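Provided herewith is a single structure, encoded as structure tokens, for subsequent inquiry.
Read the figures in this text as sums done on the coordinates, not as results from a lab. Just so you know, these numbers come straight off a predicted model, no measurement behind them. Ideal geometry is used to build each Cβ from the backbone, glycine not excepted, and the neighbour counts take in all protein chains shown.
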Amino acid sequence: MSHAWVNSVMPHLVLTAGLMVLLLVVAFRRSHALAMTSTFLILVVAGALIPHSLAAGSEEAFGLIRVDGYGQFFSGLFLLAAIVTVLISFRYLDQRASSCEEFYMLILTATLGAMVMAVASHFATLILGLEILSISLYAMICYPQEGRLPLEAATKYLVLSGVASTTMLFGMALIYAASGSLSFSALGQPVDNQSENYYWLGQGMLIVGLAFKLSLVPFHMWTPDVYQGAPAPVTGFIATVSKGAVFAALLRYAVMSDVLSNASIALGISIIAVGSMIVGNLLALLEKNIKRILAFSSIAHVGYLLIALLVVAALDDPEIARETMMVYLAGYFLMTLAAFGVISALSISASDQDTEQLADYRGLFWSHPVLAAVLTSAVLSLAGIPLTMGFIAKFYLFAAGVQGALWVLLWALVIGSAIGIYYYLRIVFTMTQSESTDGSVRANAIPVETIVTVGVLGAAVILFGVYPTPLIELVRGLIGAFGA
Amino acid sequence: MNFALSIPLEHVFVLAAALFCTGLTGVLVRRNVMFVLMSLEVMMNACGLAFVAAGARWAQADGQIMFMFILALAAAEVAVALGIVLQLSRRFDSLDVDSADEMHS
């Protein structure tokens, strides 16, 4: 083990050490503000060390992890999402739990798990990262002390996520039995005819498990309930970090193991993708709860993103797939965090449930113009309207799909987006309607740090939509200079 | 290689698959949340058995290491799960998973 290896995982090490420090700090002095500030600092320091870790060289350590530009880009995104979650959770939690300090440790462990997944190049690290992330999320979902919905959401997520993990593990065992390796790069072809059945059954189970985690149709049933029941800041974290981590790992796995060269696996993923795009958008039309609308919208977006995955097989050029995935997920992170940031801000002093009914958002343009503007930009971006980040992301996806000649998927993307515009615009339209009579939600003041956080996110969504060059250059630079 | 595993690989995998399906059926059919968690545990152990058998096929320690990973993961998951079960029984006055099904579109 060389010195360079330690440097390349420095962000992960800082996060782990920070976690221990936070544990000690809480043991000696319970203070919500102190815990929040230290978590914020730990996350910022870990983020600042990412360029340092890349400069240390991309090395495959013990065949377990591979620290490269691709993986560290996602690590940076997860840290950003964690910072946003910390900032918007502060006042929100203050109202809902008597001791909030442990929540920040859970954010740190969940982020660490996601960052491990982003660099995993071995089944052991993949499952370890995934479980560190998932187990932290169970506790984060049911953190508020009152109310039954968070608990219901946590129970559902616990059981379904457990089933998904075991399905993946069984698939991994079958692949290992057939190929004799647990490392992505050494996953050779099965050794003999009998092993062939094990191998493809294993790959199938692995993909089904991942589809569960990504809430793809037909494994999507848990998503709306978990999104609705979880506290709004946590929902934003699940929607971004948990999905992003699984996608980052899935693309790396697909590129390194070449699993998509099998026609039936590629066909299965295409069917899942088309199903997710259409079903996700159609079911969102029926909802009146904004968290559930965003849940179905996320199902559709994950379906769109599968196009980037299928480009790997269609083009035999992982670079395009990587670039598309990185740009799309960066955009998706910004707009989803902005949307859930606004929901959390409006829910700070809501009693039992979050401010999540569409009717609650009537007249928001007059009572909270900044929040309404941010939510509008986030929602328009999710719909893929030009001059927003979402348009650039969708354009990337479309261009990649055209190059790979994935026509059926592109038609589904167009139809899905067309359906989507209806329910996205309905949210914007509701905010312009005259205010409802009681107006209880509006009365409260929104804390400054929340306004600034969501304001920056909303501005970034528009800014990168108008001028995406810096982001695209960053992504290309990371892929080009630090390889994969 | 056969000295490491005198039982044919398929037999172990059939047993592991049977355990896995038993656990999955339990998760789907049982209504008491404690039994759901126990069924999940059965599924986890089915994966562990499959890994040990696969490791024995290649005469590598990797399969057994993965099994120890699975044990640790299962323990961590159960620790959090039991906390959730305690809260469930307190807030819903029941361990029936159907009682915790209030969210609908």
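What distance in nm separates the two pseudo spin-label positions at A:LEU13 and A:ALA359, each 7 Å out from Cα along the beta-carbon direction?
Label at A:LEU13, label at A:ALA359, 5.7 nm between them.
With the dipole of the protein assembly as shown worked out from charges on the C-beta (+1 for Lys and Arg, -1 for Asp and Glu) around the Cα centre, which of A:ALA120, B:MET44, A:PRO231 lies farthest toward the positive end?
Projecting each Cα onto the dipole axis, the largest value belongs to A:PRO231.
Using a basic spin-label model with each label point 7 Å from the Cα along Cα→Cβ, how many nm lie between A:TYR422 and B:SER89?
4.8 nm
Express the Stokes-Einstein translational diffusion coefficient of segment B:1-92 in µm² s⁻¹, to the nearest whole number, given a Kirkwood radius over alpha-carbon pairs, 4 °C and a viscosity of 1.567 mPa s. Write down the numbers at each step before the final one.
Details: Rh = 14.4 Å.
The estimated diffusion coefficient comes to 90 µm²/s.
Hey, another quick one. Return one number: the angle in degrees, 0 to 90 and rounded to the nearest 10, between the long axis of the Cα atoms of helix A:10-28 and the longest principal axis of the Cα atoms of chain A.
Helix A:10-28 sits at roughly 40 degrees to that axis.
Rank the residues A:HIS301, A:HIS32 as a footprinting-exposure proxy: fewest other Cβ atoms within 10 Å of their Cβ go first.
A:HIS32, A:HIS301
Quick one: Cα centre-to-centre distance for segment A:399-418 and segment B:60-74, in angstrom?
Using only Cα atoms to place each centre, the spacing works out to 42 Å.
Please compute the length gained on full extension between A:PHE28 and A:ASP94, using 0.36 nm multiplied by the number of residues separating them and subtracting their Cα-Cα distance. Write down the numbers at each step before the final one.
Values: separation 66, 0.36 × 66 = 23.76 nm, distance 1.99 nm.
Gain in length upon complete extension: 21.8 nm.
How large is the charge dipole for segment A:3-482, taken about the Cα centre, if only the Cβ atoms of Lys, Arg (+1) and Asp, Glu (-1) carry charge, to the nearest 20 debye? Please list the in-between numbers first.
Values: 19 positive and 26 negative charges, 120 e Å.
The calculated dipole for segment A:3-482 is roughly 580 debye.
Based on the inverse mean of 1/r over its pairs of different Cα atoms, what is the Kirkwood hydrodynamic radius of the protein assembly as shown, in Å?
On the way: mean 1/r = 0.0414 Å⁻¹.
Over the protein assembly as shown, the inverse of the mean reciprocal pair distance is 24.2 Å.
Work out which trypsin sites (Lys or Arg not before Pro) in chain A are exposed loop sites (DSSP not H, G, I, E or B, at most 16 other Cβ within 10 Å) and give the longest gap free of them.
Between exposed loop sites, the widest span is A:31-287.
Could you tell me the calculated FRET efficiency between B:GLU102 and A:ALA55, based on Cβ-Cβ distance and R0 = 51 angstrom, to the nearest 0.05?
Details: r = 52 Å, r/R0 = 1.02.
Here the calculated transfer efficiency is 0.50.
Can I ask one more? What is the distance in Å between the Cα centroid of segment A:317-354 and that of segment A:207-250?
Cα centroid of segment A:317-354 versus Cα centroid of segment A:207-250: 12 Å apart.
If you don't mind, there's one more thing I want to ask. Mind checking which lysines have their Cα closer than 25 Å to the Cα of A:LYS394? Skip sequence neighbours fewer than 8 apart in that chain.
Leaving aside lysines fewer than 8 places away in the same chain, those within reach of A:LYS394 are A:LYS213, A:LYS243, A:LYS291.
Run the numbers on chain B and let me know its relative contact order in percent, using alpha-carbon pairs under 8 Å that are six or more apart. Write out the running numbers ahead of the final one.
Working: 95 pairs, mean separation 28.7, N = 105.
Contact order relative to length: 27 percent.
Count charges around B:PRO8 for me, please; just the other residues with Cβ under 15 Å from its Cβ, Lys/Arg as +1, Asp/Glu as -1. Walk me through the numbers on the way to the answer.
Working: positive: B:ARG57; negative: A:ASP192, B:GLU10.
That works out to -1.
Pairs of Cα atoms under 8 Å, at least six residues apart: use those to get the relative contact order of chain A, whole percent.
16 percent
How about chain B: which trypsin sites (Lys or Arg not before Pro) there lie in a loop by DSSP and see at most 12 other Cβ atoms within 10 Å? Could the numbers behind the result be given before it?
Numbers: sites: B:ARG30, B:ARG31, B:ARG57, B:ARG90, B:ARG91; in loops: B:ARG30, B:ARG31.
Those satisfying the criteria are B:ARG31.
Could you state the angle between the C-alpha long axis of helix A:32-48 and the longest principal axis of the C-alpha atoms of chain A, as a value from 0 to 90 degrees rounded to the nearest 10?
40 degrees
Another question about this same structure. Which whole number gives the average, over all residues in B:30-43, of C-beta atoms from other chains lying within 10 Å of the residue C-beta? Don't skip to the answer; put the middle values down first.
Values: counts 0, 0, 0, 3, 0, 0, 5, 3, 0, 3, 7, 2, 1, 7.
Partner Cβ neighbours, averaged per residue: 2.
What do you get for GluC sites (Glu not before Pro) in segment B:5-105 restricted to DSSP loop and a cutoff of at most 13 other Cβ within 10 Å of the site's Cβ? Before the final figure, lay out each step's value.
Numbers: sites: B:GLU10, B:GLU41, B:GLU77, B:GLU102; in loops: B:GLU102.
Within segment B:5-105, the qualifying GluC sites (Glu not before Pro) (loop, at most 13 other Cβ atoms within 10 Å) are B:GLU102.
Relative to the longest principal axis of the C-alpha atoms of chain B, give the angle of the C-alpha long axis of helix B:33-57, reported between 0 and 90° and rounded to the nearest 10°.
10 degrees
Can you compute the FRET efficiency between A:LEU282 and A:PHE395 using 1/(1 + (r/R0)^6), with r the Cβ-Cβ distance and R0 = 22 Å? Round to the nearest 0.05. Spell out each step's value before the answer.
Numbers: r = 24 Å, r/R0 = 1.08.
The pair A:LEU282/A:PHE395 has a calculated efficiency of 0.40.
Near A:THR432, within a Cβ-to-Cβ distance under 13 Å, what is the net charge of the other residues, with Lys and Arg +1 and Asp and Glu -1? All intermediate terms of the calculation are to be shown ahead of the outcome.
Numbers: positive: A:ARG362, A:ARG426; negative: A:GLU435.
Neighbour charge sum, excluding A:THR432 itself: +1.
Could you tell me what fraction of 2.2 N^0.38 Å the Cα radius of gyration of segment A:350-484 comes to, as a two-decimal ratio? Mind dumping the intermediate values first?
Working: Rg = 18.4 Å, N = 135, 2.2 N^0.38 = 14.2 Å.
Output field value: 1.30.
On to the next question. Would you give the gap between the C-alpha center of segment A:88-112 and the C-alpha center of segment A:1-74, rounded to a whole Å?
Distance between centres, Cα-based: 19 Å.
Still on this structure: What does the helix-only formula give at 222 nm for the protein assembly as shown: each DSSP H stretch with n ≥ 4 adding -39500 (n - 2.57), the total divided by the residues, and the result rounded to the nearest 500 deg cm²/dmol? Walk me through the intermediate numbers first.
Values: 24 runs with 441 residues, N = 589.
The helix contribution divided over the protein assembly as shown gives -25500 deg cm²/dmol.
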